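The values are calculated or read from the model by the stated rules, or taken from the named source; none is laboratory data. For clarity, every value in this text was computed on a predicted model and none was experimentally measured. We place every Cβ from the backbone using ideal geometry, glycine too, and count neighbours over all the protein chains shown.
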Amino acid sequence: MYVCVCHAVTDRQIREAAQGGARTLKDLRRDLGVTRDCGRCASCARDCLQEANAGQNKPGKSLRKTA
Ligand code: FES
């Protein structure tokens, strides 16, 4: 899924950036260009990065229960 349309950045690229050490939106802006133009991607990019970083902190399967 595209997160940043202006720079054609996907959620996959954001997860990869997180694995590479990106921790903040500023890191994503520097590495991938998100939020550099219209800025509409900021909220989604931040959420995606937080999910990716949370996943890295908890190795293995998610603890979230599924119904
Ligand atoms: S959608 Fe990311 S800067 Fe426009």
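Observations on the structure shown:
- Residue tally, condition away from the ligand (no atom under 14 Å from the Cβ) and not in a helix (DSSP H, G or I), over region 2-42: 5
- Residue check for GLY55: in a helix (DSSP H, G or I), at pLDDT below 95 and away from the ligand (no atom under 13 Å from the Cβ): yes
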